[in-house]
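Asks: Below is the structure I would like to discuss, written out as C-alpha cells.
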Protein chains: 2
Amino acid sequence: MSREKSVDKRQRILDAALRVFAERGFYTARVSEVARAAGVADGTIYLYFQNKDDLLIKLFEDRMDFLIRRLNEDLAEMGGTCAERFGRLVHLHLVLSTEATDLAEFITVELRQSQKFIKEYGNPRFQEYLSIIRGIIEEGQGDGSFRPELDARTVVRAIFGALDEALLALTLAHRRGREVDVARAASDLATLLLGGIRAD
Amino acid sequence: MSREKSVDKRQRILDAALRVFAERGFYTARVSEVARAAGVADGTIYLYFQNKDDLLIKLFEDRMDFLIRRLNEDLAEMGGTCAERFGRLVHLHLVLSTEATDLAEFITVELRQSQKFIKEYGNPRFQEYLSIIRGIIEEGQGDGSFRPELDARTVVRAIFGALDEALLALTLAHRRGREVDVARAASDLATLLLGGIRAD
C-alpha cells in the first residue's frame, strides 16, 4: 500500500466516522458501520485506529487542525483591533452550525459521550484553540483596550463555554429546520462578552 | 408496598445511580450495578424506571428540583440588586464543584453521554433553571441597570454556557486533587458577565 493511498484511506475513514457518529450517536454507532460507510473492511479500521475512542479522538484532532489553521489564517489576514478580531472569532465559531452541521454536532454532542475523551485525554488541540482566544485577550490587556485585572484563564474558559453552548443551541435549532440567524447571535454574543472584557 | 416505602426505594435508587454514574460513567455503568449499590433486586429498578436513559433523566429532574428550590429560596431571602443576585447565582453554581462533586460531574459530564437526553428530551427543568437567570436579566433590563438592547435569550444561553464550562473545569480540577478557589473564580466570572450586561 503506497503512502498516498494510506493517507487517503485514513481520511476516508475519518470522513465516514463523522457522518456515522452524527447520524447514530457515538455510543450507538459501531465500528463496522463506519467501515461500511468508508467502503473498507472492518479490520482495516484497526490498521489506523486502536478502537472507537481512538477514532473519535483522531477525528477530533483532524478537524481541529483544520479549524485552527482556518482561524489563524483568517485572523492574520484581517488585521484590525483585538475587539474586531474577537468578533470575527465568535462569528467563525457559530457559523459552523449552518455551514458544517455534522462537525458542529460532533463537537457539541458526540464528543462529550466519550468518558475517555473528557476525563483522560489531555486534549492539546482544545488547548491550542483556547490559546488563540487567550492570545487576543492578552494582547488587548497589553495594549490597554481590555481590563487587565481579569484572570485570562478564567475569562477564556468562560468565553469558550459561552461559544460552545451558543453553537449547540444553533446547531440543534438548524437540525430541526428552524430559522437560524447566525450573524445576529454572533453580534449579540460578541457585544456581551466584549462588554465584560473591555476596559472602561 | 406502602407509598412511603416506595418513595424511599425510588430515592435510594436515584442516590445509588448518581454514585455509580459518577464512578463508572453513564455508558459503562450497568443497571444491575445501580441495583446492587441501592440494595434492591435488578427487576425492582424497572418498577420505577423504564430503562437506563429514563433513570438518567429522572435523576436529573430530581436533582434539578433540589437545586432550583435552593436557588429560589436563597435569592428570595437575600434581596439586593439584580447584580448582587446574579453574583450569588454564579457562586451557588460553581460551589457545586467542591460541595457536591458527584452531582457536578453528573451535570457536566455524564448527562451529555445520553443522546436521548441531549437530542430528544424537552428538558423542562433545564428551561426552569434558565428562566431563573432570565428573570434576573429581564428585571435588570426593566429597572435600567442592565442593557435593554441585548436579546435576553442569547444572553441567558451564553451565561449558562460560561457557568457550565467553569463548573466542569473546577470539578475536574477538584477531582484531580488540585487546589480550587471557587470564590475567586465566581467573582471573576460574575465581573466578566456583569460587565457585558450592565448598562453604561
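The values are calculated or read from the model by the stated rules, or taken from the named source; none is laboratory data. Source: prediction; values computed, not measured. Counting neighbours? That spans all protein chains shown, and the Cβs are built from the backbone with ideal geometry, glycine included.
Asks: Residues to consider are B:VAL95, B:VAL109; find the one that is among the aliphatic types (A, V, I, L, M) and more than 10 Å from chain A (Cβ to nearest Cβ).
Replies: Values: B:VAL109 fails: more than 10 Å from chain A (Cβ to nearest Cβ).
After applying the criteria, what remains is B:VAL95.
Asks: Restricting the search to region B:20-35, which residues are more than 17 Å from B:GLN50 (Cβ to Cβ), in contact with a helix residue (DSSP H, G or I) (Cβ under 6 Å, 6 or more places away or on another chain) and of a type outside the set (Gly, Ala, Ser)?
Replies: Initially, region B:20-35 is screened for residues more than 17 Å from B:GLN50 (Cβ to Cβ), giving B:20, B:22-25, B:27-28, B:33.
Okay, now just the ones that are also in contact with a helix residue (DSSP H, G or I) (Cβ under 6 Å, 6 or more places away or on another chain), so B:20, B:22, B:25, B:27, B:33.
The answer is B:VAL20, B:TYR27, B:GLU33.
Asks: While we're here: Answer yes if at least one residue in region B:70-83 is within 30 Å of B:GLN141 (Cβ to Cβ), of a type in the set (Asp, Glu) and surrounded by 13 or more Cβ atoms within 10 Å (Cβ to Cβ), and no otherwise. Full working, then the answer.
Replies: Filtering region B:70-83 down to residues within 30 Å of B:GLN141 (Cβ to Cβ) leaves B:70-83.
Still in the running and of a type in the set (Asp, Glu): B:73-74, B:77.
Filter once more, so that each one left must be surrounded by 13 or more Cβ atoms within 10 Å (Cβ to Cβ): B:74.
Yes, the conditions are met somewhere in region B:70-83.
Asks: Kindly indicate which of A:PHE106, A:PHE66, A:PHE60, A:PHE49 is at pLDDT 95 or above and either buried (at least 16 other Cβ atoms within 10 Å of the Cβ) or over 18 Å from A:PHE21 (Cα atoms) (or both). Step through it out loud before you land on a result.
Replies: Numbers: A:PHE106 fails: at pLDDT 95 or above; A:PHE66 fails: at pLDDT 95 or above; A:PHE60 fails: at pLDDT 95 or above.
Step by step, each of A:PHE106, A:PHE66, A:PHE60, A:PHE49 is checked, and only A:PHE49 is at pLDDT 95 or above and either buried (at least 16 other Cβ atoms within 10 Å of the Cβ) or over 18 Å from A:PHE21 (Cα atoms) (or both).
Asks: Just for region B:186-200: of the residues that are of a type in the set (A, V, I, L, M) and within 24 Å of the chain's Cα centre (by Cα), which one is nearest to the other protein chains (Cβ to nearest Cβ)? Spell out how you get there, then give the answer.
Replies: So in region B:186-200, the residues of a type in the set (A, V, I, L, M) come out as B:186, B:189-190, B:192-194, B:197, B:199.
After this cut, where a residue has to be within 24 Å of the chain's Cα centre (by Cα) as well, the list is B:186, B:189-190, B:192-194, B:197.
Details: B:ALA186: 10, B:LEU189: 6, B:ALA190: 10, B:LEU192: 4, B:LEU193: 6, B:LEU194: 7, B:ILE197: 7 Å.
That would be B:LEU192.
Asks: While we're on this one: Take the residues of region A:152-185 that are among the acidic types (Asp, Glu) and more than 7 Å from chain B (Cβ to nearest Cβ): which is surrounded by the fewest Cβ atoms within 10 Å (Cβ to Cβ)?
Replies: Here the residue is A:GLU179.
Asks: Tell me whether region B:109-128 contains one or more residues that are at pLDDT 90 or above, more than 23 Å from A:LEU130 (Cβ to Cβ) and surrounded by fewer than 19 Cβ atoms within 10 Å (Cβ to Cβ). Explain how you work it out, then say what you get.
Replies: In the first step, residues of region B:109-128 are kept if they are at pLDDT 90 or above; the result is B:128.
In the following step, the residues that additionally are more than 23 Å from A:LEU130 (Cβ to Cβ) were identified as B:128.
The next check asks that each one be surrounded by fewer than 19 Cβ atoms within 10 Å (Cβ to Cβ); those that pass are B:128.
Yes.
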